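Just below is one structure, and these are the notes that go with it.
The values are calculated or read from the model by the stated rules, or taken from the named source; none is laboratory data. Predicted model only: the values in this text are computed from it and were never measured. When we count neighbours, we look across all protein chains shown, and the Cβ atoms used for this are built from the backbone with ideal geometry, even at glycine.
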Amino acid sequence: MKNRPIFYDTDCLACFLIIGECSILCEMFSKIIIPRVVYNEFFNESTPIMIKNNLKSLIDDGFVEVKDMIITSREYSNYRCIESGLWSDNGKRVGKGEASVIAFAIENEGIVASNNLSDVKHFTDKYNLPLLTTAIILGKAFEMNIINETQGNILWEKMLKRNRNLPDNSFSSYYQNRYETDCNDFLKV
């Protein structure tokens, strides 16, 4: 999993951008990739300026790569099928950001980074793609001694206060009760 490209959806990356804690990602990964569709979601007029500024810094530093999807590519064909619901078992349409990260991950043997489980989990299971969530990233950062448990709880609380969707009321509770199960299920370990 270490050498696989990681394709971030808006919701997962925004958790770190909104609280100004992207250094955790920089310590954990050599680079992350966002599809152009996700970039456009970040830079729409309703996105808070702090998110835009933090993302622009990461792009300027070369840590975040913005990846374009060529209309004649397999990624684009996959993207259109996923986004329109053609590849869903029940015809459910998927958000553009989610569809783009899934399409790139399928064609590049990559990792999907998203918190939107209702859109992505079906596809990560179907195509045996590892799935990173904000919660799992914080758990891995804790295991790598990048953060301690207190810091994890503080970050978690900041994200919740900024209306980020997390699976528990604290980092400690998540780590003790769900982290191991999520790693086995989502990371395909």
> Say we look at region 60-89 and pick out the residues that are surrounded by 14 or more Cβ atoms within 10 Å (Cβ to Cβ) and aliphatic (A, V, I, L, M); which of these is nearest to residue 3 (Cα to Cα)?
Replying inline: 64
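Among the residues of region 67-83, which ones are among the polar types (S, T, N, Q) and over 21 Å from the mean Cα position of the chain (by Cα)?
72, 73, 77
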> Any idea which residue in region 90-105 is nearest to the chain's Cα centre (by Cα), counting only those that are crowded, with 22+ Cβ neighbours inside 10 Å and among the small types (Gly, Ala, Ser)?
Replying inline: 97
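Is at least one residue of region 11-24 closer than 23 Å to residue 125 by Cβ, surrounded by 12 or more Cβ atoms within 10 Å (Cβ to Cβ) and charged (D, E, K, R)?
yes
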> Do we find a residue being over 21 Å from residue 23 (Cα atoms), loosely packed, with under 15 Cβ neighbours inside 10 Å, touching a Pro at 6+ places or on another chain (Cβ under 9 Å) and not hydroxyl-bearing (Ser, Thr, Tyr) anywhere in region 121-128?
Replying inline: no
> Based on what the data block shows, is residue 106 within 20 Å of residue 25 (Cα to Cα) and in contact (Cβ under 8 Å) with a residue 12 or more places away in the chain?
Replying inline: no
> Would a scan of region 43-66 turn up a residue that is over 18 Å from the mean Cα position of the chain (by Cα), part of a helix (DSSP H, G or I) and among the charged types (D, E, K, R)?
Replying inline: yes
>> Looking at (1) assigned to a helix (DSSP H, G or I); (2) at pLDDT below 95, which one does residue 14 not meet, given that it meets all the others?
In response: (2)
> Does residue 82 meet the test of being farther than 21 Å from residue 29 by Cα, of a type outside the set (Ser, Thr, Tyr) and not in a helix (DSSP H, G or I)?
Replying inline: no
>> Which of the numbered conditions does residue 30 fail, given that it passes all the others? Conditions: (1) in a loop (DSSP other than H, G, I, E, B); (2) in contact with a Leu (Cβ under 7 Å, 6 or more places away or on another chain).
In response: (2)
